[in-house]
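Input: a single structure, listed below in structure tokens.
The values are calculated or read from the model by the stated rules, or taken from the named source; none is laboratory data. Worth saying up front: this structure is predicted, and the values here are computed from it rather than measured. Neighbour counts are summed over all protein chains in view; Cβ atoms, including those assigned to glycine, are modelled from backbone coordinates with ideal geometry. Just so you know, the surface numbers come from the protein's heavy atoms only, side chains and all, with ligands and any DNA or RNA stripped out. Shrake-Rupley method; radii C 1.70, N 1.55, O 1.52, S 1.80 Å.
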Amino acid sequence: MAKAEIEVTDTAPPTAADAAAGPAVSVNRKRSRALQVAICAILDVITGAMSVGFAPVPQQTADFFNTSLSGINYMAIVYTFMFIPGAIFSSKVLDDHGPRASLIIGAVLQVIGSLAKYLATFAPAPASLGIAYVGQVFNGLGQPFVLNAPTKIAGIWFGSHERGLPNAIMSTCNSFGSFVGYLIGPLIVTTVADIPTYALVQTIMMAVVTIPTIFLARNPPELADRFAFKKEKDPAKKNNWGLTLLDVRILFSVPEYVKLSLSFTVAIGLFTAMGTLLTQFILAFEYTEIDGSICAALLIVIGTISAGFSGWFIDRTFKHLLVLKSGYTSTVLMYGFFAIVACIPGITPAVAISCALLGIASFIMLPAALELGAAIGKLDAKDIVLKHRERFESATPNEHRKLQLDAIAQHGMEEGVTSGVMWLLAQGTSMILILVLDAINSSNADRRIGVRASVWTMTAVSAIGCVAIWLIPNAKGMERVRASTLELKGEEKSSA
């Protein structure tokens with residue numbers, strides 16, 4: 001029972017204080033946490049729009065910057081690569097100073113990046129392309145500060161039985177933002193001369209959403225001391241510059257986390273690559289960029305709706321594994337369906353339907369995977385440290401690491417670390433996939449042959465995630481996570 005009380009206090013603000021203070025405080029708290037979800041969701045939407053960059057209009061962008069389509073694809077790779085250092089530092093900011101600081105840093109970095117890309121449109125070639133790449137660096141650094149925040153916000157503002165839906169809303173808004181980017185791109189850019197206008201619109205969007213983020217984003221009042229910027233810090237966090245190898249080693253000592261991360265990595269990596277290359281895929285078979293935008297819109301919008309339903313479902317049933325198994329199995333089938341219909345000219349409705357179904361299959365697993373990863377980090381990672389502490393101490397024999405192990409043994413792994421590792425691996429995978437798929441397309445003089453090879457490669461890769469998730473159901477550790485979460489839910493209800 002003591003362990004359960006620690007989990008409730010550390011991962012979700014207790015509701016007993018609100019009940020004792022009266023109804024007005026409870027209503028204010030609901031409004032406060034709804035505002036934080038709204039701020040993060042809106043910022044995630046614009047971050048998603050920034051993430052697509054010039055992908056919705058690849059040919060016009062290549063002509064404007066006097067480069068090839070591969071040169072435009074490499075901009076997406078740069079963006080994805082910068083997620084790695086960004087994820088390392090964002091985990092420190094989230095865990096030391098809370099989501100408010102993380103959201104503000106992410107927003108400011110992306111304003112700088114968007115402005116750089118706009119200024120690049122006035123520079124002569126080839127300097128213009130180089131400046132645009134610099135903008136991508138800042139945008140890529142800023143993304144994890146926003147993308148990793150939803151799990152943390154859900155963890156500190158909501159109880160264990162109500163985190164799935166807000167986490168799903170905030171997390172999927174990033175992908176909805178990708179839809180916004182794919183929508184406004186072809187609407188604004190009709191000729192090569194429209195590229196500067198497109199870059200300016202992106203800059204204005206990012207700047208407008210940054211202002212309310214700075215003034216309205218908050219951390220829970222009862223955690224103000226924990227997240228305060230002060231000279232005297234928790235000794236376990238002193239000189240800690242974010243995600244560490246020790247964190248990764250502990251997490252990857254938990255078999256369930258390894259399997260879950262592999263599945264999540266494959267699904268998100270494939271989806272990111274799909275969003276980047278979708279238009280190029282179907283252009284090879286006599287479809288238009290407008291067709292590509294419509295397919296991308298269905299892929300993301302329908303998928304976002306399904307993620308919301310998934311979050312609501314797991315909050316009430318705790319059927320995380322059921323959602324994950326059904327989602328990943330469907331994903332393999334839908335990639336195969338897309339591989340068939342996308343390579344047949346003149347059947348736009350079928351291609352659109354395949355994208356909508358692929359969006360549903362890909363997105364329903366998102367809230368379940370993130371919430372399950374956080375639960376594993378809080379419970380299983382703690383047990384691993386308690387059972388094998390000597391092994392971890394001998395590998396890192398210094399006082400700071402001992403204090404870090406003390407913190408994990410008491411409270412488990414922070415949400416910013418568990419979700420950060422999963423997103424970092426996913427972005428790294430998407431970078432590799434974009435490089436591989438671009439190489440496959442470029443290696444064939446006939447673009448249709450290259451596209452066919454690419455889409456079937458994606459189908460084969462998706463099967464890897466499916467196999468990994470089917471290895472989880474008989475794991476005792478996963479069942480213990482579910483039982484512990486249900487126990488926490490019961491205690492929270494009894495204390496309310």
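Applying the criteria of a DSSP loop state and at most 11 other Cβ atoms within 10 Å to the GluC sites (Glu not before Pro) of segment 286-379 yields E286. With protein chains left intact and a 1.4 Å probe, residues in segment 41-195 average 28 Å² of accessible area per residue. Quick one: grab the alpha carbon gyration tensor of segment 166-224, order the square roots of its eigenvalues as a ≥ b ≥ c, and give me rounded if a/c is under 1.5, else prolate or oblate depending on whether a/b is larger than b/c. Judged from the Cα gyration tensor, segment 166-224 comes out oblate (a/c at least 1.5, b/c at or above a/b). The packing ranking of peptides 28-35, 267-274, highest mean first, is 267-274, 28-35, where packing means the average number of other beta carbon atoms within 10 angstrom of each residue. Ranked by the mean number of other Cβ atoms within 10 Å of their residues, highest first, the peptides 279-285, 139-145 come out as 139-145, 279-285. Length available on full extension from F122 to A38: 0.36 nm per residue minus the Cα-Cα distance, which gives 26.7 nm. Grouping the Cα pair distances of segment 141-201 into 10 Å bins from zero gives a pair-distance distribution of 20, 33, 24, 16, 6, 0 percent in increasing distance order.
A Förster radius of 25 Å combined with the Cβ-Cβ distance from I344 to A445 puts the calculated FRET efficiency at roughly 0.75. Highest average first, the peptides 372-378, 38-44, 213-219 ordered by how many other beta carbon atoms sit within 10 Å of their residues are 372-378, 38-44, 213-219.
From the square roots a ≥ b ≥ c of the eigenvalues of the alpha-carbon gyration tensor of segment 82-134, which class results: rounded (a/c under 1.5), prolate (a/b over b/c), or oblate? Oblate is the answer for segment 82-134, as a/c is 1.5 or above yet b/c matches or exceeds a/b. Carbon and sulfur: what percent of segment 105-228's accessible surface (1.4 Å probe)? For segment 105-228, the apolar C and S fraction of the accessible surface comes to 79 percent.
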